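A quick write-up on the structure given underneath.
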Amino acid sequence: MFRKICFLFPYFFLDTISSKQNKVFCFEYMIQKKACSVKKKEVSEMLKRINDFLAGLPMTIIGGVLLVFSFVLPRVGVNLPVDPAWGTVVISGIPLLYLAVWRIIYNPGISKISSALLITIAMFAAIAIGDLFAAGEVAFIMAIGALLEDATTNRAKKGLKKLISLAPTQGRRIRSGKEELIPAEKIVKGDMLRILPGETVPVDGVIVSGETSVDQSIMTGESLPVDKAAGDTVFCGTINRFGAIDIHATKVGEDSSLQKLIRMVQEAEDKKAPMARIADRVASWLVPVAMLVAAIAGIATQNIVRAVTVLVVFCPCALVLATPTAIMAAIGQATKHGVIIKSCEALEKMGKVDTIAFDKTGTLTYGKLEVSDVLSFAPDLDEEKLLYLAASAEAKSEHPLGKAIVAYAKKRDLPLSESAAFRMTSGKGISAEADGYRLLCGNEKYLHECGVSVTANTAATSEKLRLQGKASILVAANSQCVGVIALSDVLRPEAAAMVQKLTAMQTNTVLLTGDNQKTADYFAAQVGIREVYADLLPEDKVGGIAALQQRGRNVCMIGDGVNDAPALKTASVGVAMGSMGSDIAVEAADIALMSDDISKIPYLKRLSGATVKTIKLSITLSMCINLLAVTLSVLGLLNPTTGALVHNAGSCFVVLIA
């Protein structure tokens with residue numbers, strides 16, 4: 001504000017004396033200042049392009065070759081007019097200087113002091129006394145560390161674009177009894193919309209007429225389409241699977257559920273602050289110490305070379321290399337086991353995780369429905385005959401439950417009969433004629449509507465199956481309920497053992513799912529998870545993660561669906577099922593399990609812990625080597641070149657440990 005007042009003051013002063021000439025001058029000054037600002041921006045962009053070019057891998061390799069020439073050629077009797085190390089200083093030194101100055105200008109507080117600043121000071125000090133090899137060496141090591149770190153931290157951000165692409169582009173609006181296709185952004189609250197089978201719901205709304213089943217896995221992760229009728233809510237981005245429905249738009253545009261999902265992913269990404277590099281955290285106290293020791297050594301010995309040597313050996317090159325080399329080694333190890341780790345932060349944070357939250361469908365389970373029970377209530381109808389009749393009736397059905405029954409019958413090599421008079425009632429069931437029977441397959445309400453009575457024992461059996469997290473289809477033949485077929489998502493066989501191993505590692509496990517409470521409780525009990533949260537929408541999962549974090553827990557989220565993307569971003573570490581999971585979940589996650597083998601989770605936790613220990617060991621040893629080298633430098637036993645070689649040996653040692 002003060003700067004604005006100072007800038008505008010001349011204009012107000014000139015206005016007071018009513019001088020047109022001065023007003024024109026002031027206006028010209030403002031134009032010139034704006035032009036100057038544009039020019040500064042162009043210069044800044046040009047400097048950044050030059051910096052990025054010099055810091056790239058090809059130029060860094062050239063800098064390394066020149067540094068080798070600088071060391072080897074004089075020792076074999078070849079003396080060039082210009083020391084090749086000058087090339088290394090220019091190639092690797094300019095990006096280093098750029099980074100140090102940028103941090104001094106833009107970083108807040110103590111973070112202005114960075115490892116780049118200390119190495120820049122050492123580089124210029126070495127140049128000042130004519131030791132170009134030492135100057136080039138410290139700059140080159142820093143460049144190598146930056147490249148390694150960039151290789152582990154570059155993360156694609158295609159997930160958000162893919163999520164945005166799921167947003168419907170048009171809707172079918174009804175006005176004055178006529179249908180018209182309009183762009184989704186033109187739909188307003190209160191519009192009446194018609195959603196045909198196979199179409200995506202363009203906005204949130206309430207069903208006014210019609211019955212259907214809606215695939216809302218994008219929002220809840222539920223493996224089964226949800227039956228919907230008049231009065232029920234539908235969400236933007238979900239898919240109408242069967243009957244045509246008319247809905248009343250209640251939330252449109254940015255207020256719709258899918259747009260909120262997109263915003264949650266974006267906000268979670270923006271809130272996730274990058275971890276500070278270890279070298280830069282240490283540099284906040286290392287730079288003042290190095291300067292003080294170098295000054296004392298120079299004054300006490302009256303030898304500027306010793307002071308420069310102290311600065312050279314004090315450079316945190318080993319610190320710069322410690323984290324990225326260990327991370328690169330760990331990432332390579334994980335890749336062999338089918339685990340893709342996208343960032344060094346993810347691996348480091350995984351070692352600190354004390355709570356792992358699981359999605360259910362597609363994570364703890366396969367996300368595929370299979371027939372689990374075939375129960376016959378008729379004495380003259382065995383289970384195989386019951387399955388044969390139900391599969392024959394469902395052969396023309398497009399419902400996932402019907403398809404699962406047909407697939408199971410074919411798997412058992414049952415020859416199906418051709419059905420006739422097939423009819424599907426959306427959200428309720430189907431009727432058909434096959435093998436001389438008039439068959440009904442559906443829920444209890446559907447059988448009642450068709451005049452078939454359901455006994456108390458049959459209802460109790462269906463309820464028992466529901467408590468086990470199973471979907472049940474009642475089968476009626478010739479107006480009599482003759483059996484029930486239950487279908488269930490299939491639990492991964494390694495899930496229970498995996499949870500036990502995590503418990504043994506003092507890691508809490510939590511289930512966050514969009515499935516109903518009964519289904520969630522059943523599967524949680526099967527694997528040994530005691531903390532269960534069910535009936536969750538994407539924002540509820542984010543809230544669950546946030547609540548756990550507020551209780552002081554470091555949370556890792558494991559999921560596979562689009563609906564898991566915001567939670568994967570919000571958690572300290574997100575792990576996606578890479579093979580079966582959605583592309584959006586994989587992009588949103590920090591780590592992907594390419595084989596969908598959740599037994600790798602305990603391995604991933606152990607690997608992360610071992611990596612953090614390796615980094616700490618490398619840092620400790622490098623600091624010890626630096627301390628020894630500083631002592632030898634003060635005593636005059638090392639000069640800048642030999643000091644650079646000693647601390648370079650320490651850097652190589654760090655790489656070998658990794």
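The values are calculated or read from the model by the stated rules, or taken from the named source; none is laboratory data. It should be emphasised that the depicted structure is a prediction, and the values quoted were computed from it without experimental measurement. All Cβ positions, even for glycine, are placed from backbone atoms using ideal geometry, and neighbour counts span all protein chains on display. With ligands, DNA and RNA removed, areas are computed over all heavy atoms of the protein, side chains included. Shrake-Rupley method; radii C 1.70, N 1.55, O 1.52, S 1.80 Å.
Report whether or not residue 434 is in contact (Cβ under 8 Å) with a residue 40 or more places away in the chain, more than 30 Å from residue 551 (Cα to Cα) and more than 42 Å from the chain's Cα centre (by Cα).
So residue 434 passes the test.
Based on this model, can you work out whether residue 385 counts as modelled with pLDDT of 90 or more and more than 14 Å from residue 472 (Cβ to Cβ)?
Spelling it out, residue 385 is indeed modelled with pLDDT of 90 or more and more than 14 Å from residue 472 (Cβ to Cβ).
Considering only residues that are in contact with a helix residue (DSSP H, G or I) (Cβ under 9 Å, 6 or more places away or on another chain) and closer than 18 Å to residue 450 by Cα, which ones fall in the stretch 473-503?
473, 474, 475, 476, 477, 481, 482, 483, 484
Hey, can you tell me all the residues within the stretch 482-518 that are touching a residue at least 60 places away in the same chain (Cβ under 8 Å) and of a type in the set (Ser, Thr, Tyr)?
Selection gives 488, 507, 509, 513.
Of the residues that sit in the stretch 436-484 and are in contact with a Gly (Cβ under 7 Å, 6 or more places away or on another chain) and among the small types (Gly, Ala, Ser), which one is surrounded by the most Cβ atoms within 10 Å (Cβ to Cβ)?
Taking the candidates together, the pick is 442.
Of the residues that sit in the stretch 102-126 and are in contact with a Leu (Cβ under 9 Å, 6 or more places away or on another chain) and either surrounded by fewer than 18 Cβ atoms within 10 Å (Cβ to Cβ) or over 24 Å from residue 295 (Cβ atoms) (or both), which one is modelled with the lowest pLDDT?
My answer is 104.
Are any residues in the stretch 621-633 modelled with pLDDT under 80 and polar (S, T, N, Q), and if so, which ones?
Selection gives 622, 626, 633.
Report whether or not residue 322 is modelled with pLDDT of 90 or more, assigned to a helix (DSSP H, G or I) and in contact with a Ser or Thr (Cβ under 7 Å, 6 or more places away or on another chain).
Considered against the rule, which asks whether it is modelled with pLDDT of 90 or more, assigned to a helix (DSSP H, G or I) and in contact with a Ser or Thr (Cβ under 7 Å, 6 or more places away or on another chain), residue 322 comes out as no.
Right, residue 419: open to solvent by 60 Å² or more (accessible area, probe 1.4 Å) and not hydrophobic (A, V, I, L, M, F, W, C) or not?
Against the criterion (open to solvent by 60 Å² or more (accessible area, probe 1.4 Å) and not hydrophobic (A, V, I, L, M, F, W, C)), residue 419 does not qualify.
Quick one: in the stretch 176-190, of everything that is in contact (Cβ under 8 Å) with a residue 60 or more places away in the chain and not in a helix (DSSP H, G or I), which residue is nearest to residue 249 (Cα to Cα)?
Only one residue fits best here, namely 189.
So which pairs qualify, if the first residue must be in the stretch 278-295 and under 24 Å from residue 611 (Cα atoms) and assigned to a helix (DSSP H, G or I), the second must be modelled with pLDDT of 75 or more and of a type outside the set (Gly, Ala, Ser), the Cβ gap must be under 6 Å, and the two must be at least 6 apart or on different chains?
Listed pairs, sorted by first residue: none to list.
Could you run through the stretch 555-572 and say how many residues are among the hydroxyl-bearing types (Ser, Thr, Tyr) and either open to solvent by less than 20 Å² (accessible area, probe 1.4 Å) or farther than 23 Å from residue 256 by Cβ (or both)?
1
Can you find a residue in the stretch 348-356 that is in contact (Cβ under 8 Å) with a residue 60 or more places away in the chain and in a strand (DSSP E or B)?
Taking every residue of the stretch 348-356 in turn, at least one turns out to be in contact (Cβ under 8 Å) with a residue 60 or more places away in the chain and in a strand (DSSP E or B).
Just give me the residues in the stretch 335-347 being among the small types (Gly, Ala, Ser) and in a loop (DSSP other than H, G, I, E, B), in sequence order.
338, 343
Looking at the stretch 534-554, can you tell me whether even one residue there is within 22 Å of residue 340 (Cβ to Cβ) and open to solvent by 20 Å² or more (accessible area, probe 1.4 Å)?
Yes, the stretch 534-554 has at least one match.
Sort out which residues of the stretch 56-89 are in a helix (DSSP H, G or I) and open to solvent by 70 Å² or more (accessible area, probe 1.4 Å), and write them in order of number.
57, 58, 61, 62, 68, 69, 75, 76, 86
Inspect the stretch 32-48 for any residue being modelled with pLDDT of 85 or more, under 27 Å from residue 100 (Cα atoms) and among the polar types (S, T, N, Q) and give the result as yes or no.
no
Which is of a type in the set (Lys, Arg) and buried (at least 20 other Cβ atoms within 10 Å of the Cβ), of 352, 360?
Being of a type in the set (Lys, Arg) and buried (at least 20 other Cβ atoms within 10 Å of the Cβ) holds for just one of 352, 360, which is 360.
Listed residues 207, 262; which is at pLDDT 85 or above and over 30 Å from residue 623 (Cβ atoms)?
Step by step, each of 207, 262 is checked, and only 207 is at pLDDT 85 or above and over 30 Å from residue 623 (Cβ atoms).
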